[in-house]
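Trainee: Handing you this structure, nothing more for now.
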Amino acid sequence: GIESRGFVMGAILAARLGAGFVMCRKPGKLPAETVKATYLKEYGWDTIEIHEDAIKADDVVLLHDDLLATGGSMQAAIDLVRRFKPKAIHVNFLIELCMEGLNGRAALDKDIDMTTLLRQFLFGAVALLVCFLRHDMVLKSSIHPSAFLSMKSVEFILEKRQLDGSRL
């Protein structure tokens, strides 16, 4: 999971898949030795880190974040994970924003297996969906909309990707 909304959803995915969970964090937040990648954001440079012993060569890695906009943070996470030479890397987002100036899909390596639950062309459509889900779930349960979408994303991955049972 990528800092920080990716932690909640990534943890849900890991628990549902029976896999381990690795955090991609801002510099200085992880307690042990790390490797880092720096990337360009819309308004400057940023850096993410993961523990240097987090991933093994026989692992299958699923990188998950809530939103794909410019793709900078996810590409940095992909670059970090590639250093460990895992068997496979999969990428998943809840929402991909597809509007002028946001072409995150094009910024990601072309050989990466990527899925998104929702492709949105307008911010208003995202807000409308979240409001609908929040209203519906408040009436039926105490599940937060992002947790609900995360569970749907897990189901989609399990149905469509048939991951091979290796560590994620």
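The values are calculated or read from the model by the stated rules, or taken from the named source; none is laboratory data. Fair warning: this is a prediction, and the values are worked out from it, not measured in the lab. Counting neighbours? That spans all protein chains shown, and the Cβs are built from the backbone with ideal geometry, glycine included. Protein only, heavy atoms only, side chains kept; ligands, DNA and RNA dropped before computing areas. Shrake-Rupley method; radii C 1.70, N 1.55, O 1.52, S 1.80 Å.
Trainee: Does ASP53 fit the bill of being within 23 Å of ARG119 (Cβ to Cβ), outside any helix (DSSP H, G or I) and of a type in the set (D, E, K, R)?
Mentor: Values: within 23 Å of ARG119 (Cβ to Cβ): no; outside any helix (DSSP H, G or I): yes; of a type in the set (D, E, K, R): yes.
So ASP53 fails the test.
Trainee: Which one is farthest from the chain's Cα centre (by Cα), of the residues in the range 6-65 that are among the acidic types (Asp, Glu) and open to solvent by 80 Å² or more (accessible area, probe 1.4 Å)? Walk me through how you get there before you give the answer.
Mentor: Looking only at the range 6-65, we keep the residues that are among the acidic types (Asp, Glu), and these are 33, 42, 46, 49, 52-53, 58-59, 65.
With the extra rule that they be open to solvent by 80 Å² or more (accessible area, probe 1.4 Å), the set shrinks to 33, 42, 52-53, 58.
On the way: GLU33: 23, GLU42: 19, GLU52: 19, ASP53: 20, ASP58: 21 Å.
My answer is GLU33.
Trainee: So which residues in the range 68-117 are part of a helix (DSSP H, G or I), open to solvent by 20 Å² or more (accessible area, probe 1.4 Å) and out of contact with any Ser or Thr (no Cβ under 8 Å at 6 or more places or on another chain), if there are any at all? Even if it seems obvious, please write down each step before you answer.
Mentor: Residues of the range 68-117 part of a helix (DSSP H, G or I): 72-82, 104-107.
Subsequent filtering for residues that are open to solvent by 20 Å² or more (accessible area, probe 1.4 Å) retains 73, 75, 79, 82, 105-107.
Scanning the range 68-117 gives SER73, GLN75, ASP79, ARG82, ARG105, ALA106.
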